[in-house]
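To start, the structure under review is shown below, and the notes come after it.
The values are calculated or read from the model by the stated rules, or taken from the named source; none is laboratory data. Remember, predicted model here, so these are calculated numbers, not experimental data. Cβ placement follows ideal geometry from the backbone for every residue including glycine, while neighbour counts extend to all protein chains displayed. Only protein heavy atoms, including side chains, enter the accessible area calculation; ligands, DNA and RNA are left aside. Shrake-Rupley method; radii C 1.70, N 1.55, O 1.52, S 1.80 Å.
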Amino acid sequence: MTGMIPFVPSWFDPVSAVLLVPLGASAILALLPFYRLSSGLNMLASFIALASAAMLLVQRPTGHVYLMVDDFNIVFILLNNFVSFTTSAFSASYIAHELEIGRLTPRNLRFYHAMFQLMLFGMNLALVANNIGLMWVAVELATLTTVLMVGIYRTAEALEAAWKYFILGSVGIALALFGTILVYLAARPVIGEGLDAMVWTTLIEHARGFDPSLLNIAFVFLLLGYGTKVGLAPLHAWLPDAHAEGPTPISAVLSGLLLNVALYALLRFKMLLAANPAAIAPGPLMIALGLLSLIFAAFMLYRRRDIKRFFAYSSIEHMGIIVFAFGMAGPFGNLAGLLQMTMHSLTKSAIFFTVGHVAQIKGTQRIADMGGLTTTHPVLGWLLVAGVAAIAGLPPFGVFTSEFLIVTTTFAREPLLAVLFIFGLLLSFGALLMRVTDVAFGEVKGPGPARRTRPIYR
């Protein structure tokens, strides 16, 4: 190990901990008969994984064949585990309320928490994998666990959303698998057969000598495959239904984490193409899909009546912004993309936490039935206003900084693209302003202030 922390034993390996803790917790939670303890154990395991991820800042692993931590993925590992921990804390009260009103059973509760930790394991594994095949398996594992959680209510709408997610996600992951195989075929003549031709650090070192035509075809399949997971238009159809019909904590995880993990995988392959001078530039493809997603989602925001579905389209919009930024590339484009990913994850997860409580209090997800929130529930109302202001890109929030960097970088290089990009931003801003005004300041609708029922967990 390098950079050992004085009070940490020499045998402790943080990168193994961020994998083994959620995996072990998942097995325990699946077998734990005392469902009242599952919420606390879920939070504890998520906190330990977060603490282990934080240790990676000063204690990087060495000697791992299949795992790696570098300056690129450390940001995502920390972000992934932080949002997972905050979501597990939010889940404690949210899922308890669902159990109390009869929407879930104790058996559902154990299953939910076990799948939550298995999902965290899959996402962490995808982020630290040093093998493109292992990364593909990890993304698929994280997808399957979220599919199961989306359908946990067992209503006709929830099961339909889960099946749609499963089918479209399977198509996407199949395309990503084919692209991964093509990368292996491009690497095999240079690196040789076997696992070495799938090790990321080896691939990036020898990428200059790969067959560019195979790399080009591979990236198209990878962009379509992982782009489905990212929720880029027109590959987005699963995402709004999954948000609307699944538990709100899963909406937070989908928007704040899983979309990032899929995009992280795509960016790894983008780096391979950038290292091969004869390969096509991936930027124009990413710019086109990103701009399409931004403008499409901005228009769709005006037609949404379900608040969770509304913020699902907001996630599609922001993933379009992020992909557009990485397509523009350059120092400022890449910095803006990373900053936008981070700020979107933190802000959107916080918004879904607020929306989840609002939906439980009002007894509905319909925007038309949530009016006057700042009057009936001032804390929740103003938190939602602050969250929407942040996600809309108003100063002084972080999204403003990242979007300002994208706009200035694009204006300097492609003014016409900058005009289209700003049009998409203004269009989405109008929709966000209109909806938050209805919910926060409109006519009072739904239940007013009420004493909270006694929580089931003490």
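Ordering 434, 300, 328 by how much accessible area each has at a 1.4 Å probe, largest first, what is the list?
So, going from the largest accessible area down, we get 434, 300, 328.
Using a 7 Å offset from Cα along Cα-Cβ at residue 299, what residues in the stretch 315-355 end up with backbone N under 14 Å from the label point?
Flagged as within label range: none.
Calculate how large, on average over all directions, the projected area of the Cα convex hull of the stretch 172-316 is; give the answer in nm² to one decimal.
8.8 nm²
Can you tell me the length gained on complete extension of the stretch residue 416 to residue 171, counting 0.36 nm per residue apart and subtracting the Cα distance?
Once the chain is fully extended between residue 416 and residue 171, it gains 84.8 nm.
Could you pull out every whole DSSP H run in the chain that spans at least 24 Å of Cα extent along its own axis and averages -1.0 or higher on the Kyte-Doolittle scale?
Counting only whole DSSP H runs, the qualifying helices are 14-31, 35-55, 73-100, 106-128, 132-150, 156-191, 212-230, 283-301, 307-328, 330-362, 415-441.
Grab every C-alpha pair in the stretch 301-383, bin the distances at 10 angstrom width from 0 up to the longest one, and report whole percents.
17, 39, 26, 15, 3
Using a 1.4 angstrom probe on the protein heavy atoms only, could you order 160, 98 from most to least accessible area?
160, 98
Rounded to the nearest 0.05, what FRET efficiency is calculated for residue 155 and residue 74 with R0 set to 35 Å and r the Cβ-Cβ distance?
0.30
Once the dipole of the chain is set up with Lys and Arg at +1 and Asp and Glu at -1 on Cβ about the Cα centre, which of 291, 265, 346 lies farthest towards its positive end?
Value: 346.
Between residue 57 and residue 394, what length in nm is gained on full extension when 0.36 nm per residue of separation is reduced by their alpha carbon distance?
118.2 nm
Restricting to DSSP H runs of at least four residues, report the calculated mean residue ellipticity at 222 nm for the chain, -39500 (n - 2.57) per run over all residues, nearest 500 deg cm²/dmol.
-25000 deg cm²/dmol
For the cross-link pairs 270/308; 164/229; 270/348, which exceed 20 Å when the distance is taken from alpha carbon to alpha carbon?
Among 270/308; 164/229; 270/348, the Cα-Cα distance tops 20 Å for 270/308; 270/348.
Where does the charge balance sit around residue 187 when Lys and Arg score +1, Asp and Glu -1, over other residues with C-beta under 14 Å from its C-beta?
Net charge around residue 187: -1.
Across the stretch 333-437, how large is the tail of the calculated P(r) beyond 20 Å, expressed as a percent of all Cα pairs? Intermediate values should be presented prior to the final figure.
Details: 2448 of 5460 pairs.
Tail of the P(r) past 20 Å holds 45 percent of the pairs.
Over all directions, average the projected area of the Cα convex hull of the stretch 41-97 and note it in nm².
4.4 nm²
Could you list the residues of the stretch 143-167 with an amide nitrogen less than 11 Å from a label point located 7 Å from the Cα of residue 237 in the Cα-to-C-beta direction?
It comes to 164-165, 167, nothing else.
For the modelled label position 7 Å from the Cα of residue 335 along Cα-to-Cβ, which residues of the stretch 374-402 have backbone nitrogen atoms closer than 20 Å?
Of the residues in the stretch 374-402, 393-402 have backbone N under 20 Å from the label point off residue 335.
Have a look at the chain and give its Rg and Dmax from the Cα atoms, expressed in angstrom.
When restricted to Cα atoms, the chain yields Rg and Dmax of 21.8, 69 Å.
In square angstrom, what is the accessible area per residue of the stretch 281-445 with a 1.4 angstrom probe?
Per-residue accessible area for the stretch 281-445 comes out at 38 Å².
For a quick check: with amide H placed at 1.01 Å from N, whose amide H comes under 5 Å from residue 67's, ignoring anything fewer than 5 positions away on the same chain?
For residue 67, whose amide H was placed from the backbone, the distant partners under 5 Å are 130.
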